[in-house]
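FYI, it's all coordinate maths here, none of it is from the lab. Since the model is a prediction, treat every value here as computed from it, not as a measurement. As a convention, Cβ positions derive from the backbone with ideal geometry for all residues, glycine included, and neighbour counts pool all protein chains shown.
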Amino acid sequence: MKKRIYLDHAAATPLSSVAWMAMEPVLLAEVGNPSSIHHEGVRSSNILRACHESIAQCIGAHTDEIVLTSGATESINLAVFGALKAASMRGKHVVTVATEHAAVLGALRAAGADVAVLPVDDRGHVDGESIVAALRPDTVLVSVMMANNEIGVVHDIHHIGKAIDAWRKKNGSVYPLFHSDASQAPNYLTIDVASLHVDLLTLSSPKIYGPKGAGALFIRRNTPWSSVFGGGKQESGRRPGTENIAGAVGFASALVETTEMRDGEVARILPLRERLMTGLLEIDGTQLNGDHIRRLPNNVNVSFKGIEGEELVIRLDAAGIAVSTGSACKGGSEPSHVLAALGLSPDRINSSVRFTLGRSTSDQDILRTITAVRDIVLAARFG
Ligand code: PLP
């Protein structure tokens, strides 16, 4: 049987052996609750502190600015609810973008925010000036993702953060706070919280070859943010509950590893991505979704003529190739709000497929994928 080809790294990455080797002894031997004062507890607490330090170092943060969570959705909810709670006397106006992940749009809705959702252009970019133009005296938060999970489009967070900073200075205010969902970023983009001018930043372990069930929220020192969970004093009271130490160790190791591998992986994966993109776009009637240039180097999102995206995903799966129709988090066959925001027709949205490459992707995988896609699409059209 042919080896399976996994091209859905935006949904979940495999666990790296480095992360696993760091986790294994913790899972097997570290019994202590980090809050306990005995030897075992202190050992666990020290391991946890080292995780905070490693994560902080990778993004240019202070150790106490890192809050460990169960993943991106929890980090985003903490960011949103905590920011709105602290700002309750000031307002609840929030500015965000139409292509944000459901975790951001859903958290804002659940928090009862008064949300301005800004449009993107047909390549998926938001205009930085439009963000500043949308700010009001009662705007307490701006949330813009660093890289989109469906179309890979990269936003200029540095530019947007600087513009927000300038607005705050001009208005003599700490508001609005600036949050960025960087879940998809660390494998390919440098994250430096100072140069990005973010107050809050979300990280996710299972997108960076770490274990599932782990992530972090960066909260800049002195940011007006209130705890939203009641419970113990873990994570300085910001995320109560006994910590997932093995998850934190795996996540921290994965983040260090991916930061070290970043330049090499970008250089290796970009030509593979270009080969895949070119091969797919050579199939008559195929169109690229999202900007070609300002895009994660592992992402291809294309629409095909004459076949539904879901059918292509199922047929590719049967041929041993795992791809997706978009975000793994949207329910069933609900059409992509990201592609709709680009102004694409319902037909084009329904016929879209996302291919996201990763560390294991080889030249052979790309050639096999192009051939399989071409055969399936042509068979669907003429069969
Ligand atoms: N934000 C982005 C950009 C994502 O890609 C995802 C997951 O696909 C999430 C948030 C939510 O992550 P999780 O389901 O791990 O909480």
Handout entry: Extended-chain gain in nm, criterion 0.36 nm per residue less alpha-carbon gap, LYS169 and GLU334
Key = 55.2 nm
Handout entry: For ALA56, net neighbour charge (Lys/Arg +1, Asp/Glu -1) across residues whose Cβ lies under 10 Å away
Key = -3
Problem - Relative exposure of ILE59, ILE66, judged by other C-beta atoms within 10 Å (fewest first) - result: ILE59, ILE66
Problem - Most fluctuating residue given options GLY41, GLY124, GLY71, as computed from a GNM of the chain linking Cα atoms under 10 Å - result: GLY41
Exercise for the section: Grab the DSSP H runs of the chain that are 4 residues or longer, score each as -39,500 (n - 2.57), total them, divide by all residues and round the 222 nm result to the nearest 500 deg cm²/dmol. Expected result: -13500 deg cm²/dmol
Practice task
Assuming R0 = 22 Å, can you tell me the calculated FRET efficiency for the pair ARG262 and MET21, based on Cβ-Cβ distance, to the nearest 0.05?
Solution key: 0.60
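Could you check what % of the DSSP bridge pairs in the range 17-257 are antiparallel, to the nearest 5?
That works out to approximately 40 percent antiparallel.
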Problem - Residue with peak Gaussian network fluctuation, the chain [Cα springs, cutoff 10 Å], from LYS170, LYS233, LYS305 - result: LYS170
Completion exercise
When CYS51, CYS58 are arranged by how many other beta-carbons sit within 10 Å of their Cβ, fewest first, they go CYS58, CYS51
Handout entry: Modelled FRET efficiency - R0 22 Å, THR190 with ASN222, Cβ distances, 0.05 increments
Key = 0.35
Handout entry: Per-pair calculated FRET efficiency, R0 = 51 Å: HIS38 and GLN364 via Cβ, rounded to 0.05
Key = 0.45
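Using just the Cα positions, wrap the range 17-257 in a convex hull and report its mean projected area in square nanometres, one decimal place. Show your work: numbers first, answer last.
Working: hull surface 49.8 nm².
That works out to 12.4 nm².
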Exercise for the section: Find how many whole Å separate the alpha carbon centroid of the range 119-133 from the alpha carbon centroid of the range 239-266. Expected result: 32
Problem - Total formal charge among the other residues, if their Cβ is under 13 angstrom from that of LEU108, Lys/Arg +1 and Asp/Glu -1 - result: -1
Practice task
Once you've got the GNM for the chain with C-alpha springs shorter than 10 Å, pick whichever of VAL31, VAL313, VAL153 has the biggest mean-square fluctuation.
Solution key: VAL31
